[in-house]
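Okay, so here's the structure we're looking at.
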Amino acid sequence: MKKIGMLLLVIIGMISCKNEIRNTTETSSVIIDSTQVRKHLYTLASDEMQGRRSGTVGIERAAQYIETEFKRLGLTTYDTLSSYRQTFTFKNRRTQEEITSSNIIGVLEGKSKKEEVVIISAHYDHLGIRAKEGVLDSIYNGANDDASGVTGILALAEHFKKVGNERTLVFAAFTAEEMGLIGSTHFGKGIEASKFVAGINLEMIGKTPSFGPNTAWLTGFERSDFGKIIQKNLVGTGYQLFPDPYKKFNLFFRSDNASLARLGVPSHTFSTTPIDVDEDYHQASDEAETLNISVIAQTIQAVAVGTQSIIAGEDTPTRVVLEERKK
Ligand SMILES: [Zn+2]
């Protein structure tokens, strides 16, 4: 009796460690490795990366880490690029300095629908170092914002490399989001938007939302039926997706999804953060230790399960139509 009890405990422990979510509509279940999640997050948010401000040696270290991971996973390069880098120069609107930086982009070509693209993105830049008098920690590590999202794209690349994809997947770590969605806007200029059937952007997925555990929210929920498709696919998994509850913050237009949504792509941002009460948002205290690895792993897994039918070419979300700007 005692032995069986011990064995049961071990088995239960093993299952719960893997952050498993079962999709009752299918027999297969997805596993996101939380050890890898922790490694990506702690590396990208380490002091060595110096807050990953675009144009600095710190963000260059982050770029190299993402490239190394893309290479390890066997991703191919995007479009006519000869490496994972899409490098360009721009002027920082606030400081007027010229900055050269790169989006880091890797591709998993689709099997049966390779002309149809789903982009999975997060920004890898953050605010850098801002020395303030009397404040000891001047490195803005940006663990939640948005090392957590980049962790998500790396984990999803690893997952889909394993399970396969019918539509082509483009994994993009964008630069200079914090300077005004610069990297994603640059990327958007070069694309044929009609080929992009969906955009999955991850922003700040490391804290438990106000809706409670095993939930996330999606920006621009009502702007296409992307969110409804995700909700349908998550039925029975124990994980729930809600519309963005912070309408007044206009979050749909404040992250990289907007750069593609402006072109009509149903491109939305997943987040878990209670942003209205988050004391670490855009502070030096946004450190890896403040985040919950399980929340990140479970959210990445929910994104994998939730977007599966889109990536398999079975569901195609409606296009985003933006209202005309008022004069
Ligand atoms: Zn962000």
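Every number here is computed from the coordinates shown, using simple stated rules; none is lab data. Every value quoted in this text rests on a predicted model; they were computed, and no experiment measured them. Because the Cβ atoms are built from the backbone with ideal geometry, glycine has one as well, and the counts that use them run over all protein chains shown.
Neighbour counts of other Cβ atoms within 10 Å put Glu323, Glu97 in the fewest-to-most order Glu323, Glu97. The value of relative contact order for segment 47-174, using C-alpha pairs under 8 Å at least six residues apart, is 33 percent. With Cα atoms defining each centre, segment 34-50 and segment 166-201 are spaced 23 Å apart in the structure. Taking every C-alpha pair closer than 8 Å and separated by at least 6 residues, the mean separation divided by the residue count of segment 140-228 gives a relative contact order of 38 percent.
Return the subset of Lys71/Lys189; Lys207/Lys248; Lys71/Lys162; Lys114/Lys232; Lys39/Lys111 for which the Cα-Cα distance in this structure is over 19 Å, preserving the input order. Beyond 19 Å between Cα atoms: Lys71/Lys189; Lys207/Lys248; Lys114/Lys232; Lys39/Lys111. As a proxy for reagent exposure, ranking Ser210, Ser138 by other Cβ atoms within 10 Å from fewest up yields Ser138, Ser210. Going by a ≥ b ≥ c, the root eigenvalues of the Cα gyration tensor, does segment 195-327 fall in the rounded group (a/c under 1.5), the prolate group (a/b larger than b/c) or the oblate group? Oblate is the answer for segment 195-327, as a/c is 1.5 or above yet b/c matches or exceeds a/b. Available extension along the chain between Lys113 and Asp137 is 3.8 nm, counting 0.36 nm per residue and deducting the alpha carbon span. Among the GluC sites (Glu not before Pro) in segment 116-200, those placed in a DSSP loop whose Cβ has at most 12 other Cβ atoms within 10 Å are Glu133, Glu192. Determine the distance separating the Cα centre of segment 55-88 from the Cα centre of segment 281-327; give it in Å without decimals. Taking the Cα centre of segment 281-327 as reference, the centre of segment 55-88 is 21 Å away.
Spatial offset of segment 214-256 relative to segment 110-132 amounts to 18 Å, using the alpha carbon center of each. Take the Cβ-Cβ distance between Thr80 and Arg262 as r, set R0 to 22 Å, and report the resulting FRET efficiency rounded to the nearest 0.05. FRET efficiency, Thr80 to Arg262: 0.40. Site pair Glu314 and Lys161 shows an inter-label distance of 2.6 nm when each label is modelled 7 Å from Cα along Cα→Cβ.
Entry note, segment 192-322: relative contact order of 42 percent, from Cα contacts under 8 Å with a spacing of 6+ residues. Stretching the chain fully between Glu289 and Ala193 yields a gain of 30.7 nm (0.36 nm per residue, less the alpha carbon separation).
Give, as a single signed number, the net charge of other residues whose beta carbon lies under 11 Å from the beta carbon of Ile205, with Lys and Arg counted +1 and Asp and Glu -1. Its environment carries a net charge of -2.
When +1 charges are put on Lys and Arg Cβ atoms and -1 charges on Asp and Glu Cβ atoms, the dipole computed for the chain relative to its Cα centre reaches about 580 debye. Annotation: amide H of Gly264 has no partner in the under-5 Å range at sequence separation 5 or more or interchain, hydrogens built in the peptide plane.
Using the Cβ of Glu109 as centre and a radius below 14 Å, the other residues enclosed give a net charge of +2, where K and R count +1 and D and E count -1.
With a 10 Å cut-off between alpha carbons and a GNM built on the chain, which of Ser82, Ser54, Ser294 moves the most? Looking only at Ser82, Ser54, Ser294, the largest GNM fluctuation is found for Ser82.
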